[in-house]
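*Asks:* Okay, handing you the structure first.
Bear in mind these aren't lab numbers, they're just calculated from the coordinates by the rules spelled out. Since the model is a prediction, treat every value here as computed from it, not as a measurement. Virtual Cβ from ideal backbone geometry, glycine too; neighbours counted across all protein chains shown.
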Amino acid sequence: MGGLRDLLTPRGDRIILLCWALLCLTSLAVLWSVTEPIIGPYEDVDPGVPKSVFWRQLIWAIAGYCGLVAASRIPLRHIDNLAAVPWLISLVLLLLVPVVGPVISGARRWLVFGPVSLQPAEMAKVSCIILNASLLARGVDSQRKSLATGASLVLTAIPAVLVMEQPDLGTSLVFWATWVGMIFWFGMPGIFLLVAATGVCSAVIMFYSEAVAHQAWPWGAYLLVILATLYYVRWSIPAKVSMLAANVIAGIAIPIFWAQLKGYQQDRVMAFFKPAEHAFSAGYQTLQSKVAIGSGGLFGTHYLKGTQKGLAFLPERQTDFIFSVVGEELGFIGAVAVVGLYFVMILRGVDHAAAVRKPFSRFLAMGIVAYLTFHVVVNVSITTGLMPVTGIPLPLMSYGGSNLLVTSAMLGLLLNVSSKSFDV
Amino acid sequence: MDDRDLTVRHALLRTIIIVAFAILVVNLFQLTVIRHSFYQDQALENRQDRFRVRAPRGRIYDRDGNLLAANLYIADITVPRRCLTPAGPDSTLTRLIEWFGLDRWETLERLQQQPARRDPLVLVADASPARIFTVEERGRDLPGVKVVTRSRRQYLFGTLFAHSLGYLGEVSPSDLDSTSTAYVQGDHIGKMGVEAAMEPVLRGVAGIKLEEVNASGRIVGRKPVWVRDVVPGTDVHVTMSLRLQQKLAVAMGDRPGCAVALDVRTGEVLAAYSNPAFDPNMLGISISTKQWNELISDPDKPLFNRITQATYPPASLFKTVTSLAGLAGGHIGTASSLEPCGGGWTYGNRYFRCWKKGGHGWLDHTGAMMNSCDTFYYQLGMRMQVDELAAAARAFGLGSRVTTEFADEVKGNVPDTAWYDRHLGKKGWSRGVLMNTSIGQGELLVTPIQMAVVAGRLATGGTMPDPVFVRTPAPVRRQPRPLPFRPEHLAWVREAMRRTVAEGTGRAARLKTVEVAGKTGTAQNPHGDDHAWFMCFAPAESPEIAVAVIMENAGHGGSEAAPIAGALLSTYFHEDEADSVGVPVEIPEEVD
């Protein structure tokens, strides 16, 4: 291979690369439509989305390609060796945000360097994945799995809590999603999965009892079912105790966690459970998004012809709710095509994560897959009304340089891993 | 970690991912394909807002082209219903309440009480310019808040035409049910008189515009998506004359009573004034509950249209009918005499008084009519059958409605055998009732407009059409029915009436240039002083105008009612050119 060609093209899985390119192009096409000037004289109500958004995204896509190529070609062992460096840098940046970051829409999430603004949380996501992969790989090599698990938990919690305090609930959940994915790959006993799953159930049911039904009995009934099950199954005493403890602690933690949430966050969750009462407040985004997608039909209102987006009914249509524009203008076919591109990328990523031999590569690939899956599933669920609204962008599609660059770099790493998985 | 374990995890993970994406795709299918039409409707609703443009109501003119009722344009400030969230008012509404200094509680309650189908809600009705400017200036901070103009009815002469023109009020729920397409909640509808009778003509057709709007309700389309043009209401010309009406009002002053004048050639109502009256500018739309309660509990009943709604005994005016019935039945001749009047007449074991205590002595039929001798008519009445007299009364239009325009007109009562049987029992009464009926008392009840019709039909021999209040658009008329009396008998009655005014009890209605024929009456009133009656027509030889006047509790018709008819007739025949037409009464200040 020639030197220049090496610099310009990534190596690894061509199908993932193709998906990346198609998604970036779709994103640019949709952003062109979104940034078209809007019919009628109503700039004073909604200034519309400026065309500069499209051009910026184009530049970021080119930068993203460079990141992708670079990440696909850097020898993975260098990354493994220096895993702590990006994590420490992003930690410093995250700590800087509350001190020097400007307040935008009631939250401090950005750092501004001249014309460029960065979201340190985006960088923290990828660096956390890298550090965890490195840690877990060392745990596999040294056979000290518990220590590695505990350490990764702490190192994930630090950026997650900092992001949560910005406040950015959605992004902080990303850290936990990637951690769970990697730990699952690392090898958790089945009972841990069960304990975790019932813990989540307990939390959801407790939330329902407390905030929606205003009655204690649903959670009480659930706990009785758990107790009855534990009475009959033949598990070790510590397993039974931890199962019970996880359920009780999750149940107790939820009201405390709920009280910690900001008012608007609570409203969004309540709007999800009682949409009619919040149709014009917290539930407005979900409702408008569903109307946009639903009115698209099988083939959509056709490109550049969406009325919802054009008339400013769709909030955040260039960022978190870009998928609604896809649904409205390109219809069911277009939306499924976009979801399908992610699906192909993710499934191939899982296959590479399973095929590759080196533990670091395996966990790195898994972290990236978990990251992508969480973002795509949660974002599409929010825009189609399956989940309460929280700020999760659609990777590669939503406008935003940090996210595009970081996602491209992560996919570069995945390509890097894939080249090893096929080499073997 | 062994390979087998990894394979299991790999398969598990793939399954989870496939299931998750399958859920996404199924949900997308549900949204875009299965529930597509629902969301498409929602999207259309998002984009289109329906604006209803009320039609300007037709104006009302008098017969000479004077404007009587016009429209005054005023503005309401409205807020979208979504401002009222279950938790209370949103920030927009809160701001408005603060800026306008409204009472928060009272305002919210009022808004909540506006019916569910009304959107937007009227926050301030008939807003002051200051408030309108506030909304226009800060519209940016007030998404969905609109200034909606509407018109208010303006009656230029206030109380002068109150009962005959009527007034406007908000449509009631029953109006909405019966004519749901023409009205929406908050529309105005004629509540009385010409406004009610000509409602379909006056109201016009409301226009509808579908406009493309953005998320905050602002119109963004260059032109409406769909338009139904406004059809303005048609102007109405009434038969009444401002000049005559003003004359009547001045002549009656503040005494309760009413008067109505008809053109006997056309049946057109030239003047109709019922006193006391109300101010239609105040009524219906901007009236407070307190003002309304005062109006309906006023003992003088200002809301009551005496012309068509009040019934009185016709008293001596009815003697014209009794005479004609007697002549038609051959019970008496025009020159016949009966027993002389000694101040009364005994029937059975009861003594019925003549109004003149000393008695009239010897009178022939003409003299009895001119002097209104009760004793003569007691005797004449007793020669007839109950139903004979009732039939004569009915031939004049008594006992039934004489207008088609006034829904609230009452029929009065013409008692006949069937009526007495029903109300007093088959054996509960005797022919003695004729003692009362023959002099227009007892169970006989008439409205003032019916007595004007009696005068008009006497004057024309029955060719006068039924009374109408509207000239254009031309109303549908009933064919007039001639009176079933011989022309020489009618001529004799007319001559007796002419002499009544010329030399008898009706002298107060005499004119300088025109001969008037009339009949006075004094209706016994068990609740208070007697009512003064007068009916007449003029000129006596070739009648043009018929008038009926009743002054409540005023005493004698000759002295109290006849002068009012005289005043009206002198204006009609231009004998008092010196009188000015007068200036319109002042319209009350806008109420904010």
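*Asks:* Work out the P(r) tail for the range B:248-341: percent of alpha carbon pairs separated by more than 16 Å, whole number.
*Replies:* 72 percent
*Asks:* Moving to a separate point now. Show me A:343-355, A:388-400, A:22-34 ranked by packing, highest mean number of other Cβ atoms within 10 Å first.
*Replies:* Going by the mean number of other Cβ atoms within 10 Å, highest first, we get A:388-400, A:343-355, A:22-34.
*Asks:* Sequence-distant or interchain residues sharing an amide H contact under 5 Å with residue B:123, placed H: which?
*Replies:* Result for residue B:123 returns B:77, B:78, B:79.
*Asks:* For chain B, take the alpha-carbon Rg, divide it by the Kirkwood Rh, and send me Rg/Rh.
*Replies:* 1.21
*Asks:* For peptide A:331-337, how many partner chain Cβ atoms fall within 10 Å of a residue's Cβ, on average?
*Replies:* Mean shielding by partner chains, rounded to a whole number: 4.
*Asks:* Antiparallel versus total DSSP beta bridges in the protein assembly as shown: what percent is that, nearest 5?
*Replies:* Of those bridges, close to 95 percent are antiparallel.
*Asks:* Starting from the 7 Å offset along Cα-to-Cβ, what nm value, one decimal, do you get for the label separation of residue B:410 and residue A:144?
*Replies:* Here the modelled spin labels are 10.9 nm apart.
*Asks:* Using only helices, what value at 222 nm comes out for chain A when you add -39,500 (n - 2.57) per DSSP H run of length 4 or more and divide by the total residues, to the nearest 500 deg cm²/dmol?
*Replies:* Calculated mean residue ellipticity at 222 nm is -24000 deg cm²/dmol.
*Asks:* Further, regarding this structure: Given the DSSP H assignment, sum -39500 (n - 2.57) over each helix run of at least 4 residues in chain B and divide by its residue total; what's the result at 222 nm in deg cm²/dmol, nearest 500?
*Replies:* -10000 deg cm²/dmol
*Asks:* If the elastic network links every pair of Cα atoms under 10 Å, which of A:219, A:235, A:20 fluctuates the most in the Gaussian network model of chain A?
*Replies:* A:235
*Asks:* Counting only residues 5 or more places away or on other chains, whose amide H sits under 5 Å from the amide H of residue B:74 once H atoms are built in the peptide plane?
*Replies:* Answer set, sorted by chain and number: B:150, B:151, B:152.
*Asks:* With a sphere of radius 15 Å drawn around the Cβ of residue B:56, what net charge do the other residues whose Cβ falls strictly inside it have (Lys, Arg +1; Asp, Glu -1)?
*Replies:* With Lys, Arg at +1 and Asp, Glu at -1, the neighbours total +3.
*Asks:* While we're here: How well do other chains shield peptide A:286-297, expressed as the mean number of their Cβ atoms within 10 Å of each residue Cβ?
*Replies:* That average works out to 6.
*Asks:* Now for a different question. Pull up all non-local amide H partners of residue B:344: gap of 5 or more, or a different chain, and H-to-H distance under 5 Å with H placed in the peptide plane.
*Replies:* Sorted by chain and number, the residues that satisfy this are B:354.
*Asks:* Going by average Cβ density within 10 Å per residue, which order do the peptides B:94-105, A:79-90, B:390-401 take, highest to lowest?
*Replies:* Packing order, densest peptide first, comes out as B:390-401, A:79-90, B:94-105.
*Asks:* From the mean inverse distance of alpha carbon pairs (Kirkwood) and the Cα radius of gyration, derive Rg over Rh for the protein assembly as shown.
*Replies:* Ratio of gyration radius to Kirkwood radius for the protein assembly as shown: 1.28.
*Asks:* Helix B:319-328 sits at what angle to the longest principal axis of chain B, using alpha carbons and giving 0 to 90 degrees rounded to 10?
*Replies:* 70 degrees
*Asks:* Could you derive backbone 3J(HN,Hα) for the range A:59-75 from the dihedral phi with the Karplus parameters 6.51, -1.76 and 1.60 (θ = phi - 60°), listing whole Hz in sequence and x where the residue is Gly or Pro?
*Replies:* 5, 5, 5, 5, 4, x, 4, 4, x, 4, 4, 4, 5, 7, 10, 5, x
*Asks:* Continuing with the same structure: Using per-residue counts of other Cβ atoms within 10 Å, averaged over each peptide, order B:440-449, B:35-44, B:197-206 from highest down.
*Replies:* Put in order of decreasing packing, that is B:440-449, B:197-206, B:35-44.
*Asks:* First select every other residue whose beta carbon is under 14 angstrom from the beta carbon of residue A:381; then total the charges, Lys and Arg +1, Asp and Glu -1.
*Replies:* +1
*Asks:* Also: So for chain B: antiparallel DSSP bridges make up what percent, rounded to the nearest 5?
*Replies:* Among the beta bridges of chain B, antiparallel pairing accounts for roughly 95 percent.
*Asks:* Compactness ratio of the range B:49-238: Cα Rg over 2.2 N^0.38 Å, N = residue count?
*Replies:* So the range B:49-238 has a normalised radius of gyration of 1.14.
*Asks:* Averaged across the residues of B:4-13, what count of C-beta atoms belonging to other chains lies within 10 Å of each residue's C-beta?
*Replies:* 4
*Asks:* On to the next question. Just to confirm the number: angle between the C-alpha axis of helix B:386-395 and the first principal axis of chain B, 0 to 90 degrees, nearest 10?
*Replies:* 60 degrees
*Asks:* Next question. Let me have the relative contact order for the range B:185-339, percent, based on Cα pairs under 8 Å that are six or more residues apart.
*Replies:* 13 percent
*Asks:* Net charge near residue B:506: determine it from the other residues with C-beta under 10 Å of the C-beta of residue B:506, scoring Lys and Arg +1 and Asp and Glu -1.
*Replies:* Result for the local shell: +4.
*Asks:* Right, another one. Output ³J(HN,Hα) for the range A:148-163: one whole-Hz value per residue in order, computed from phi by the Karplus curve 6.51 cos²θ - 1.76 cosθ + 1.60 with θ = phi - 60°, and x for Gly and Pro.
*Replies:* Per-residue couplings from phi come out as 4, 4, x, 4, 5, 4, 5, 5, 7, 4, 4, x, 4, 5, 4, 5 Hz.
*Asks:* Does a label point 7 Å from the Cα of residue A:357, set along Cα-to-beta-carbon, have any residues of the range A:177-208 with amide nitrogen under 20 Å, and which are they?
*Replies:* A:186
*Asks:* Here is a further query. Would you mind calculating the gained length between residue B:72 and residue B:41 on full extension (0.36 nm times residue separation, minus the Cα-Cα distance), in nm to one decimal?
*Replies:* 7.3 nm
*Asks:* Across the range B:9-15, in residue order, what do the Karplus-derived ³J(HN,Hα) couplings come to in whole Hz, using 6.51 cos²θ - 1.76 cosθ + 1.60 with θ = phi - 60° and x for Gly and Pro?
*Replies:* 4, 4, 5, 4, 5, 4, 4
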